[in-house]
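Since the structure comes first, as structure tokens, the remarks are kept for the end.
Nothing in this text is a laboratory measurement; each read-out follows from the coordinates by a stated rule. Small disclaimer: the values here were computed from a predicted structure and weren't measured. Because the Cβ atoms are built from the backbone with ideal geometry, glycine has one as well, and the counts that use them run over all protein chains shown.
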Amino acid sequence: MSESQKTSALPVNLLLADRPCLVVGAGRIASRKIGYLLEAGAKVTVVSPEVSEEAAAWISEQRIVHLNRPFKSDDTAGFAVVFAATNDRYVNRLVLDDCRKHKVLCSCVDGHWAQSDFTTPAISRHGNLTLTVSTDGHSCRQAKLIKDNLAKHIAMVETADLVVVGTDHHHMDIEEREPFHLTGPRFERIGWMIMQLWGIHEFMILNTCNRVELIAVASRETSTNGILRHLLGFDKLTEDKFYLKHGAEAYGHLCMVSAGMLSQTPGESHVAAQIKDALAEAQRRGWAGRMMQEWVSTLLHVSKHIQTEVAPLFCSEEIEDIALKYLQTQIPGLSSKTVMVLGAGRIGEALVRKAVQKTGKIIWCCHINRPEIPGEWKDRVELCTFNDFMNRLEETDVIISSAGAPGHVLHRGHAPFFNRQKPVLLIDLGMPRNIEPALDGLVPGLRIVDLDGLKCRYRHGTAETNKIYHRCQGIIEEHQDQYERIIKSFQGGNAQ
């Protein structure tokens, strides 16, 4: 078979411990093959009248047997594998032919490689992990280049851990954190840039009304060198405005987030669904795979334990419940009023479901995905599109917005469409905010309340809260072994 005809090979790992192997030659390339065999535990014999310094050291240490002479016929008999590694093509061919006679596997390091039985790939060892790259003998330089680059990546895997970089309502008020939320083109652009970073193995972006977080499996170096803070826009912020958490601290934080314990309404359950959605989006874009999937499964398992044991102590309420309670205190005769709900996502659907028995009529505005209206709602709920909702503004008494839009859904351009003869309350549950704050002063009787305005509706005593959070930390510690197991599984340890 000619070299041009030999296009592929079957990769195998030879188990050569305590088996006799022969290397003909002891120069630079031959010494590399000797080293591979010694690493495999083989009993190595070298035939060569001259040896390299490295081979001479092995000989003096009695790690190899040295036959100080040229190659002779029948030298290959009885060996498991043979390397023909001299700088003489004629001698290498003699070695190959002798291996054929004695039915011994042979590898030539020169132009006879295509007639050999096997080739050795570019090799890099990292503890129990062996990385090999082969171009089927066609481009050793390319194989070495790829091997060296992958070796750097593996070294970063060995120091990788769970990392969280983010900010939330505990660190910034709504006006401060709004510019940092990732939506639309900025979401895609930052995700693309993070994918290019060495040391970022998998990641997802959690973007809710209260927080924006990059959750990643990343090397310590990449997570601490400032590049992630720069990409998220945090590099100009003081340290009290954002957080960077590693390892067990990041794990504990995410357990608390998943359980809703760090939400504006502690104990709320929407965030668990939002985490699942964020993971699904990251997987769809190729940002996340099995590592992040395993993290999220573990976090949700721990958060369920927290929710079961701790959340009832809060008598927790979802954000839509607080919004509706606020309406009942602010709007007399709510049962006869017209409420417009902007957005058909989870919160929008929950708002309609919970408000339908408390209001007069609901105008439910959606963009692309039109929700199904149950039969019992049909006389109380009307659907309309975002293209048409401005024509319904005049009849509304209340607007609650929870649209997942990257910008303002209601803005100053809509001011002429409101009824100026009656008060209108606008509740903005979006982040970034769905309603332009400047609209507040353009229409008489119009009032806007955002998430921070609703936050004051939910307070707990410090002693009560501290006691509950202390129990949460205890539950997280009970599940610490799950964190350790996952870390060992991709850092090279033995996961049980």
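Of the trypsin sites (Lys or Arg not before Pro) found in region 329-378, the ones in coil according to DSSP and having at most 13 other Cβ atoms within 10 Å of their Cβ are Lys378.
Here region 319-455 is assigned +1 on the Cβ of each Lys and Arg and -1 on the Cβ of each Asp and Glu. Its dipole about the Cα centre then comes out at about 200 debye.
Annotation for region 97-136: trypsin sites (Lys or Arg not before Pro) lying in DSSP loop with at most 13 further Cβ atoms inside 10 Å of their Cβ are Lys103. Dipole size of region 269-331 about its Cα centre, with +1 on Lys/Arg Cβ and -1 on Asp/Glu Cβ: approximately 300 debye, rounded to the nearest 20.
In a simple Cβ point-charge model (Lys, Arg +1; Asp, Glu -1; nothing else charged), the chain has a dipole of about 700 debye relative to its Cα centre. In sequence order, region 108-122 has phi-based couplings of 9, 9, 10, x, 7, 4, 5, 8, 6, 8, 7, 10, 9, x, 5 Hz under the Karplus curve 6.51 cos²θ - 1.76 cosθ + 1.60, θ = phi - 60°, and Gly or Pro positions carry x. Working ranking of peptides 29-37, 70-78 by packing, defined as the average number of other Cβ atoms within 10 Å per residue, highest first, is 29-37, 70-78.
The residue list Thr329, Pro374, Leu254 was ranked by how far each Cα lies along the charge dipole of the chain toward its positive end, using unit charges on Cβ atoms, and Pro374 comes out on top.
Computed across region 319-455, the Kirkwood radius stands at 14.7 Å (inverse of mean 1/r, all Cα pairs).
Given the options Leu446, Ile475, Thr119, identify the residue whose Cα lies farthest towards the positive end of the charge dipole of the chain (+1 on Cβ of Lys, Arg; -1 on Cβ of Asp, Glu). Checking the options against the dipole of the chain, the answer is Thr119. Set against the labelled values (i) 1.44; (ii) 1.27; (iii) 0.90, Cα Rg over 2.2 N^0.38 Å computed from this structure falls on (i).
The slack in the chain from Arg89 to Met195, taken as 0.36 nm per residue of separation less the alpha-carbon distance, amounts to 33.5 nm.
Do any GluC sites (Glu not before Pro) in region 24-97 lie in a loop, going by DSSP, with at most 16 other beta-carbon atoms within 10 Å of their beta carbon, and if so which? Answer in residue order: Glu50, Glu61. P(r) for region 20-120, from all Cα pairs and a bin width of 5 Å, is 2, 15, 28, 28, 18, 7, 1 %, short bins first. Near the amide H of Cys384, within less than 5 Å, lie the amide hydrogens of Trp364, Cys365, Cys366, all on another chain or at least 5 residues away, with H placed in the peptide plane. Amide H contacts for Val449 (H built 1.01 Å from N in the peptide plane; partners 5 or more residues away or on another chain; cut-off under 5 Å): Leu426, Ile427, Asp428. Dipole of the chain computed with +1 at Lys/Arg Cβ and -1 at Asp/Glu Cβ about the Cα centre; of Trp287, Pro49, Ile190, farthest Cα towards the positive end is Pro49.
Here the spin labels are modelled as points 7 Å beyond Cα on the Cα-Cβ line, and at Arg346 and Arg220 they lie 3.5 nm apart.
Highest mean first, the peptides 87-94, 203-210, 19-26, 403-410 sorted by other C-beta atoms within 10 Å per residue fall in the order 19-26, 203-210, 403-410, 87-94.
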